[in-house]
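All of the numbers you see were taken from the coordinates with simple rules; none came from a lab. As the structure is a prediction and not an experimental result, all values here were calculated from the model. Neighbour counts run over all protein chains shown; Cβ positions are idealised from the backbone, glycine included.
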Amino acid sequence: MAPSTIAISFETALLLLGVCLAVYAIELLFFWSKNRRQLHQQQLLLQEQSRLRNDVELLGLRLAAQEAQLRLISASSDHVAADDAEISGRSPYAQAIRLVHEGAGVEEIQRNCGLARGEAELIVALYRSEGKT
């Protein structure tokens, strides 16, 4: 048996070569376009990552500032509470005035401060209107 041979003309070979090159070129363009889109997406992701990193740093700074402010307020309130305790320990009248500002009535002031009813009524009359304005 003789081997069979396929004979193609030169023009057919050139045509097949042209089709192969065209397919290769289209495939190359497709991959180039896809690669370009991926690079663009990667750049966008890197920008977003950088923006998020900056936001996190800013939030960290804000948190530190808020913590410092809270410590100052806490220290200030401790001083106020200490001063208030010192004043209330020394003067039943100062304690009565503070209670009036908090909305206490005559009987409560009498009980807590040990004042006579007339004294408690006078303090309420004098300082209740001051606390409302």
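Numbers at a glance
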quantity	calculated
Per-residue HN-Hα couplings for the range 98-105 [Karplus 6.51, -1.76, 1.60; θ = phi - 60°; Hz; x = Gly/Pro]	4, 5, 4, 5, 7, x, 6, x
Net charge of Cβ neighbours under 14 Å - reference Ala64; Lys, Arg +1; Asp, Glu -1	0
HN-Hα J in Hz across the range 27-35 - Karplus 6.51, -1.76, 1.60, θ = phi - 60°, x for Gly and Pro	4, 4, 5, 4, 5, 5, 5, 5, 4
20 °C / 1.002 mPa s Stokes-Einstein diffusion coefficient of the chain, Kirkwood radius on C-alpha pairs, µm²/s	90 µm²/s
For the chain, size of Cβ-based charge dipole, Lys and Arg +1, Asp and Glu -1, in debye	540 debye
Rounded to whole Å, sorted largest first: equivalent-ellipsoid semi-axes of the range 41-82, Cα gyration tensor	40, 4, 4
Nearest 10 degrees, 0 to 90: helix 117-132 Cα axis against the chain principal axis	30 degrees
log₁₀ of I(q)/I(0) at q = 0.15, 0.26 Å⁻¹ - the range 91-133, Debye sum with one point per alpha carbon	-0.26, -0.78
